[in-house]
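Reading through the structure tokens given below for one structure.
Computed from the coordinates by the stated procedures, all read-outs in this text should not be read as laboratory data. Remember, predicted model here, so these are calculated numbers, not experimental data. For neighbour counting, all protein chains shown are included, and Cβ atoms are generated from backbone atoms with ideal geometry for every residue, glycine included.
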Amino acid sequence: MWKRGWDDECGGLRYYDDLKGLPIQEYWHDMKFWWPHCEAMIATALAWKLTGQERYAEWHEQVHDWSFEHFADPEFGEWFGYLRRDGSVSSRLKGSMFKGPFHLPRALWYCWKLLEADDRDTAPTP
């Protein structure tokens with residue numbers, strides 16, 4: 001699953017990939033969107049917490065580090081929502097009718113709670 005979504009060439013999670021490998025028509029197919037990265041941070045942290053399998057911790061670190069390196073605005077805070085495949089900013093807008101203050105704060109809160117919990121039985125449920 002991770003190998004299908006992770007972009008080995010440029011890093012980050014591709015927004016769209018055809019399951020059958022057919023040509024993709026959507027213009028945004030090779031962009032990186034903020035919200036799948038947020039959800040992947042939660043999913044990998046939770047998977048590690050529930051299973052203890054190191055690969056999930058590695059995937060969490062991979063998506064976390066790439067996301068904070070590319071989506072985060074070091075000058076004004078918050079995350080840009082849309083990146084080109086190479087990780088460069090496609091749109092400098094940080095809010096729109098699609099990108100609001102939900103995915104990022106939720107992801108950060110869940111990851112914080114998951115990673116601060118002492119044992120796997122106390123993990124919050126997303």
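In plain terms, the residue of 64, 29 with the fewest other Cβ atoms within 10 Å comes first and the most crowded comes last, giving 29, 64. Residue by residue, region 70-85 carries 3J(HN,Hα) couplings of 10, 7, 5, 9, x, 7, 10, x, 6, 10, 6, x, 9, 10, 6, 4 Hz when phi is fed to the Karplus relation 6.51 cos²θ - 1.76 cosθ + 1.60 (θ = phi - 60°); x denotes Gly or Pro. Which whole-number percent gives the relative contact order of the chain, counting Cα pairs below 8 Å spaced six or more residues apart? Across the chain, relative contact order equals 25 percent. Shown for region 2-122: lysine pairs separated by 8 or more places, or found on different chains, whose C-alpha atoms are under 23 Å apart, numbering 7. For the pair residue 96 and residue 4 in one chain, pulling the backbone fully straight at 0.36 nm per residue adds 30.2 nm over the alpha carbon distance. In the chain, helices alone account for a calculated mean residue ellipticity at 222 nm of -13500 deg cm²/dmol, with every DSSP H run of four or more residues adding -39,500 (n - 2.57). The H on the amide N of residue 78, modeled in the peptide plane, is under 5 Å from the matching H of 73, each at least 5 residues off or on a different chain.
Put in order of Cβ neighbour count within 10 Å, fewest first, the listed residues 94, 49, 32, 3 become 3, 94, 49, 32.
Here the Karplus relation 6.51 cos²θ - 1.76 cosθ + 1.60, evaluated at θ = phi - 60°, turns the backbone of region 30-42 into coupling constants of 9, 7, 10, 9, 5, 5, x, 5, 4, 5, 5, 4, 5 Hz, with x for every Gly and Pro. When you work out D = kT/(6 pi eta Rh) for the chain at 20 °C and 1.002 mPa s, using the Kirkwood radius from C-alpha pairs as Rh and the Stokes-Einstein form, the result is 140 µm²/s. 3J(HN,Hα) along region 47-63: 4, 5, 4, 7, 10, x, 6, 4, 4, 5, 5, 5, 5, 4, 4, 4, 6 Hz, from the Karplus curve 6.51 cos²θ - 1.76 cosθ + 1.60 with θ = phi - 60°, whole Hz, x for Gly and Pro.
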